[in-house]
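Visitor: I'd like to ask some things about the structure below.
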């Protein structure tokens, strides 16, 4: 739950099948923007849904993080909900 008593939002990322992204590079980017929002990564090529280690979270209010992710994965591949 967040400070307002609502559910914590999650950052959902999709790695499109045609996009070459290293998980190490993606995790390094996410690690620079620590926060409380959980992250779920869906790899379209393998059909796997991945979650970083327990306790890993990012700051989803950071526009720089979201912009970098959209540049890396595509606009429709970055969703906060």
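The values are calculated or read from the model by the stated rules, or taken from the named source; none is laboratory data. Fair warning: this is a prediction, and the values are worked out from it, not measured in the lab. Here the Cβ positions follow ideal geometry from the backbone for every residue, glycine too, while neighbour counts run over all protein chains shown.
Visitor: Answer with yes or no whether residue 50 is in contact (Cβ under 8 Å) with a residue 40 or more places away in the chain, closer than 19 Å to residue 76 by Cα and surrounded by 11 or more Cβ atoms within 10 Å (Cβ to Cβ). Lay out the reasoning, then the answer.
Guide: Details: in contact (Cβ under 8 Å) with a residue 40 or more places away in the chain: no; closer than 19 Å to residue 76 by Cα: yes; surrounded by 11 or more Cβ atoms within 10 Å (Cβ to Cβ): yes.
Criteria not met by residue 50.
Visitor: While we're on this one: Which of (1) within 18 Å of residue 77 (Cα to Cα); (2) modelled with pLDDT under 95; (3) surrounded by 10 or more Cβ atoms within 10 Å (Cβ to Cβ) is the odd one out, the single condition residue 56 does not satisfy?
Guide: The one condition residue 56 does not meet is (1).
Visitor: What's the number of the condition residue 4 fails, among (1) touching a strand residue (DSSP E or B) at 6+ places or on another chain (Cβ under 8 Å); (2) modelled with pLDDT under 95; (3) closer than 20 Å to residue 81 by Cβ?
Guide: So the condition that residue 4 fails would be (1).
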